[in-house]
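Colleague: One structure follows; several queries about it will come next.
The values are calculated or read from the model by the stated rules, or taken from the named source; none is laboratory data. From a predicted model like this one, the values you see are computed outputs, not experimental measurements. Here the Cβ positions follow ideal geometry from the backbone for every residue, glycine too, while neighbour counts run over all protein chains shown.
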Amino acid sequence: MRTPPAEVAVTPELVRRLLRDQHPDLAGLPVAEIAHGWDNSILTLGERMCVRMPRRAAAAQLVVNEQRWLPGIAERVGVPVPTPLRVGRPGQGYPWHWSVNPWFEGRTAAETPVGERSDLVRPLALFLSRLHVPAPEEAPRNPFRGVPLRRRDGKVRERLADSALPRSAELLALWEELVGTPAWTGPALWLHGDLHPANLLVGTEERTRAEDRPTLAAVLDFGDLTSGDPASDLAVAWLAFGPRDRARLRAELDRRAGIDDHTWARARAWAVLYAVLLAGSAEEHPLLGAIGEHTVTQLLDT
């Protein structure tokens, strides 16, 4: 999958103009481009902040969702999240809302060897158990996350048919086995919506002089924030971990939230969907491709 082209050029110069107009006390800080993603551009602002700006119209509402809902979510999840520090509005020729967010130091879990992610299990389980609570009726709706598996069936089959993945036939067989799993019948729960290792930030916690252990420093990118079936997020068990840590994550979550077998089966189906999406990004985004390849192995060989 190719990154969609930007509909607006997001540059340091544009950010400086917006800051001078709307947040002049921040306008003197250095601004530098750091990433242009699928939906948003990220620019650092000084040493401890960043600016998150939609780069296409389809993402404009997503930043507004973060601005409205992340402050409340941040109060309960037990892990730092990018709650906006300042809110920006359209101006200077830029058509959408934007945010000034905290900048978290660390590296992503995707950049950490799978065998070194064990210390992420407990804080991630805590995060998920505190995030996955009933959402209000006015919570954001995402037609691609947290929905019944049958709604994604046609697209999964289409992507597998067009895929160059060497094990696409095996993935299709697994999807066909899981897609009929009974649907979620509980209340719509809050979901991150895009919980994969590139959105888990890893820091280090000093234990001894000789050993630093990874810790969950932040959960990033709530652009797909939505509500629905928690299985959509629980697919991270296959995306992020090997068999032993996946079993530990399941045990932790089962202890905290009492998750039933059907939900875990649907989570495995969501992992198939994510594996196909991420592995298909390998040419343009090798790190995401590596997550997809890892997930395929976890689904089919363990």
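Colleague: Just to be sure I understand the filter: pairs with C-beta atoms under 6 Å, separated by 6 or more residues or on different chains, first member in region 267-285 and assigned by TED's automatic domain parsing to the domain that holds residue 253, second member aromatic (Phe, Trp, Tyr) and in a helix (DSSP H, G or I). Which pairs pass?
Modeller: Every condition considered, the pairs that remain are 271/238; 272/175.
Colleague: Which numbered condition in (1) more than 19 Å from residue 259 (Cβ to Cβ); (2) under 22 Å from the mean Cα position of the chain (by Cα) is the only one that residue 162 fails?
Modeller: (2)
Colleague: Provide a single number: the residues in region 73-92 that are closer than 25 Å to residue 105 by Cβ, of a type outside the set (A, V, I, L, M, F, W, C) and outside any loop (DSSP other than H, G, I, E, B).
Modeller: Matching residues across region 73-92 total 2.
Colleague: With the checklist (1) at pLDDT below 95; (2) surrounded by fewer than 13 Cβ atoms within 10 Å (Cβ to Cβ) in hand, flag the one item residue 165 doesn't pass.
Modeller: (2)
Colleague: Also: Just to be sure I understand the filter: pairs with C-beta atoms under 7 Å, separated by 6 or more residues or on different chains, first member in region 53-77 and within 17 Å of residue 134 (Cα to Cα) and touching a residue at least 60 places away in the same chain (Cβ under 8 Å), second member of a type outside the set (A, V, I, L, M) and part of a helix (DSSP H, G or I). Which pairs pass?
Modeller: Pairs that qualify, where the first residue is within 17 Å of residue 134 (Cα to Cα) and touching a residue at least 60 places away in the same chain (Cβ under 8 Å) and the partner is of a type outside the set (A, V, I, L, M) and part of a helix (DSSP H, G or I), are 77/127; 77/130.
Colleague: Only one of (1) modelled with pLDDT under 95; (2) farther than 27 Å from residue 120 by Cα is not met by residue 78, so which one is it?
Modeller: (2)
Colleague: While we're here: State whether one or more residues within region 210-219 are closer than 29 Å to residue 76 by Cβ, touching a strand residue (DSSP E or B) at 6+ places or on another chain (Cβ under 8 Å) and buried (at least 23 other Cβ atoms within 10 Å of the Cβ).
Modeller: Looking through region 210-219, at least one residue is closer than 29 Å to residue 76 by Cβ, touching a strand residue (DSSP E or B) at 6+ places or on another chain (Cβ under 8 Å) and buried (at least 23 other Cβ atoms within 10 Å of the Cβ).
Colleague: Here's a follow-up. Against the conditions (1) loosely packed, with under 14 Cβ neighbours inside 10 Å; (2) touching a strand residue (DSSP E or B) at 6+ places or on another chain (Cβ under 6 Å); (3) of a type outside the set (Ser, Thr, Tyr), where does residue 22 fall short? Just the number, please.
Modeller: (1)
Colleague: Which strands (runs of 3 or more DSSP E) does region 195-292 wholly contain that include 1 or more residues that are closer than 20 Å to residue 165 by Cβ and out of contact with any Pro (no Cβ under 6 Å at 6 or more places or on another chain)?
Modeller: Filter on region 195-292 gives an empty set.
Colleague: If the requirement is being closer than 26 Å to residue 263 by Cα and not assigned by TED's automatic domain parsing to the domain that holds residue 292, which of these qualifies: 76, 117, 141, 86?
Modeller: Just one listed residue meets the conditions, 76.
Colleague: Show the residue pairs that are 6+ apart or on different chains and have beta-carbon atoms under 7 Å apart, the first residue being within region 235-253 and free of Cβ contacts under 8 Å to residues at least 60 places away in the same chain, the second being surrounded by fewer than 16 Cβ atoms within 10 Å (Cβ to Cβ) and of a type outside the set (Lys, Arg).
Modeller: 243/302
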